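Working notes for the structure below.
The values are calculated or read from the model by the stated rules, or taken from the named source; none is laboratory data. Quantities reported herein were computed from a predicted structural model and do not represent experimental measurements. Neighbour counts run over all protein chains shown; Cβ positions are idealised from the backbone, glycine included. Heads up: the accessible areas ignore ligands, DNA and RNA and are worked out on the full protein's heavy atoms, side chains in. Shrake-Rupley method; radii C 1.70, N 1.55, O 1.52, S 1.80 Å.
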Amino acid sequence: MTLPMFGSQQTQTTGDDRYTPPWIFDELGITFDIDVCTPPGGVPWIHSLYRYTVEDDGLAQEWFGTVWCNPPYSNPLPWILKMIEHGDGLFLGPMSAGAKWCSLAFDTCTSFAPLIHIKFAHSDGAYRTIPVAVGLFAYGDRADAALVKSARFTAMRKVIG
């Protein structure tokens with residue numbers, strides 16, 4: 001199936017095929033060094049110098065610079081573990097009370113912004129909400145600065161130490 005918004009082929013989609021809406025990147029105002037979970041052809045409004053698709057297996061690749069990560073929501077744990085280890089980037093994931101990954105993300109990020117009822121882009125070009133709130137977790141100075149400078153996000157900077 002050709003994805004109308006991306007202009008490239010993707011042979012199958014899953015329930016994890018949701019793409020961060022453009023306004024989030026407009027608000028952040030940064031170019032990421034790499035997007036580690038992008039569909040084939042990338043997402044046109046995500047400004048990143050490099051991309052890893054499912055074929056590249058972003059978990060098996062080296063991460064560098066400031067990373068954008070909107071992982072498969074069916075299994076975000078390995079992705080947040082890699083982000084914590086990398087320590088530089090923004091991670092968007094579903095807020096799941098009691099989920100191990102969510103506690104780890106909150107405990108280790110430098111700042112956090114809850115996002116409720118956002119509409120994600122889907123491979124068919126439509127925008128739809130998902131049944132859970134999501135959180136945007138910042139790691140490192142550059143990602144933290146981008147998140148907390150925005151008036152549209154209600155970012156909470158964590159006091160560490």
(request) Using a 1.4 Å probe and counting only protein heavy atoms, arrange His122, His47 so the residue with the most accessible area comes first. (result) His47, His122
(request) Could you give the spread of the C-alpha atoms of the stretch 85-161 along their three principal axes, from largest to smallest, in whole angstroms? (result) 44, 29, 22
(request) Could you work out how far apart the two model spin labels at Lys149 and Glu62 are, taking each label as a point 7 Å from the Cα in the direction of the beta carbon, and quote it in nm? (result) 2.9 nm
(request) Normalising by the residue count of the chain, find the relative contact order in percent from Cα pairs under 8 Å and 6+ residues apart. (result) 22 percent
(request) At 0.36 nm per residue, minus the direct Cα-Cα distance, what do Met156 and Asn75 gain on full extension? Give it in nm, one decimal, please. (result) 26.7 nm
(message) Cβ neighbours within 10 Å, averaged per peptide: list 50-61, 72-83 in order, most packed at the top.
(response) 72-83, 50-61
(request) Scan (1) 14.7, 50; (2) 15.2, 46; (3) 23.8, 101 for the value of Rg and Dmax of the Cα atoms in Å calculated from this model and give just the label. (result) (1)
